[in-house]
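A short worksheet on the structure shown next.
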Amino acid sequence: MIGSDHAAIASINQPSSNNSNTVSTSFDLKKLNHQRKAIFDQTSLVTGIPWNLIAAVDQYEFTIHQFKKRKKSKEPQGLISIQFPERMWAGMLNPDPDDKELESIRIFKGIGLDGSGDGYADEQDPMDRLATMTSIMLKRGKRLEDIRISLWNHYQNSRSVQRIEQFAAIYAVKGTMDLYERAFPLPVNATYSYPDSYGASRGWGGHRIHEGTDLFADYGTPVRSTCYGIVEVKGWNPYGGWRIGIRDIGNVYHYYAHLSSYKKDLKAGDIVAPGQVIGAVGSSGYGKPGTSGKFVPHLHYGMYRDGGLADWSFDPYHYLKRWERDDLKAKAK
Ligand SMILES: [Zn+2]
């Protein structure tokens, strides 16, 4: 039951060609995220770690594991997505990789702890995995700087720590984990068109293939964030011109290119909401900073998933169709 609820999060972030009959999962997601938030609030009280940081670690792990299912037959279940590398739980030299005995795990220098209070450190138990992670986070101390170093020591990867800090910042500002609302990147009452052009061999703003969808509209048409997220990148790029990259809590990077201007005062690190104006359509790019007018004005919109070590592009077209339909529906009300 809980497992299938969690799958709902995966499905909302999945590249798909969902048709209009897609069943809304928003209610289940709300419920699920309320349950998760309650666990993280409680864990925060016990450990002294801010709830949003615990939530961010779990959310990060969720986004990383959702597409590469473990081959292990006993896949962790429940509301907590945190997993640990093979054999770390029981200890490298432990003859029993599924050991649950606290004493022998300790002897073999495993990391597994008991968080549920049943006297066992069970890697299948969500609360045991959560307690083990918070203990890792507190290894050096309770200050945010200490936790950051502890996280780096655990993941051995600055990307992971960056993602966790980004998610934590979004949760801190919004105060909730229920952040799956979406918006079409242009106002639906504007004049625009967007042919399905993903993967085309030539296009504006892509590299080897066209990694995104071009939305043609007049100069100055407002460009809006499609999601809740954090501004990761803002500035000039030789191909993209004036562009903005926004990371959402599903660990998807949304790329908006060829802008004519940015929304005043918007800067890297800002938290944005779906529908919030971030800039305006233009034709910047393909040259030195400020180059403009080498092609017709349009918004190049790309979506990239974080694969752990690198981002990979997927087709935004069907998402755009869905968000456009939803915005039109909301407008008609
Ligand atoms: Zn493009």
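Just so you know, all these numbers are worked out from the coordinates, no wet-lab data involved. What you are looking at is a predicted structure, and each value in this text was computed from that prediction instead of being measured. Cβ placement follows ideal geometry from the backbone for every residue including glycine, while neighbour counts extend to all protein chains displayed.
Which whole-Hz couplings ³J(HN,Hα) result when phi for each residue of the stretch 249-264 is put into the Karplus expression 6.51 cos²θ - 1.76 cosθ + 1.60, θ = phi - 60°, listed in order with x for Gly and Pro?
My calculation for the stretch 249-264 gives 6, x, 6, 10, 9, 9, 10, 10, 10, 6, 5, 8, 7, 9, 4, 4 Hz in order.
Taking the beta-carbon count within 10 Å as an exposure proxy, list V231, V223 from fewest neighbours to most.
V231, V223
Lys and Arg at +1, Asp and Glu at -1: add these up for the other residues within a Cβ distance under 11 Å of Y255 and post the number.
-1
Find, among the trypsin sites (Lys or Arg not before Pro) in the stretch 218-294, those assigned to loop by DSSP (not H, G, I, E, B) with at most 11 other beta-carbon atoms within 10 angstrom.
Answer by residue number: K264, K267.
Counting Lys and Arg as +1 and Asp and Glu as -1, what is the net charge of the other residues whose Cβ lies under 13 Å from the Cβ of A280?
Local charge sum for A280: +3.
Just to confirm a number: summing +1 for Lys and Arg and -1 for Asp and Glu over residues other than K109 whose beta-carbon lies under 13 angstrom from that of K109, what do you get?
Residues near K109 contribute 0 overall.
Using alpha carbons only, how many degrees (0 to 90, rounded to 10) separate the axis of helix 158-174 from the longest principal axis of the chain?
Rounded to the nearest ten degrees, it is 80.
Which of K30/K329; K234/K267; K234/K263; K30/K174; K174/K331 have a Cα-Cα distance over 18 Å?
K30/K329; K174/K331
At a Cα cut-off below 18 Å, give the aspartates and glutamates reachable from K31, other chains included and same-chain residues fewer than 8 away excluded.
D5, D41, D58, D178, E181
5 Å is the cut-off here: which amide hydrogens, built 1.01 Å from N in the peptide plane, fall below it relative to G240, excluding neighbours closer than 5 in sequence?
Long-range HN contacts for G240: Y286.
With springs connecting C-alpha atoms under 10 Å apart, model the chain as a Gaussian network and identify which of S135, S158, S193 has the largest mean-square fluctuation.
S193
Output wanted: per-residue J couplings in Hz (rounded whole) for the stretch 224-239, from phi through Karplus 6.51 cos²θ - 1.76 cosθ + 1.60, θ = phi - 60°, x for Gly and Pro.
10, 5, 8, 8, 6, x, 10, 5, 8, 9, 8, x, 7, 9, x, 8
Ordered by residue, what ³J(HN,Hα) values in Hz, to whole numbers, does the stretch 137-151 give under the Karplus form 6.51 cos²θ - 1.76 cosθ + 1.60, where θ = phi - 60° and Gly and Pro are x?
5, 9, 3, 9, x, 9, 5, 4, 5, 5, 5, 4, 5, 4, 5
Putting +1 on Lys and Arg Cβ atoms and -1 on Asp and Glu Cβ atoms, find which of Y253, P238, A168 reaches farthest to the positive end of the dipole of the chain.
Farthest along the dipole direction, towards plus: P238.
Non-local amide H neighbours of V281 (under 5 Å, H modeled in plane, Pro and chain starts lacking H): which ones?
Answer set, sorted by chain and number: G220, T221, V223, S260.
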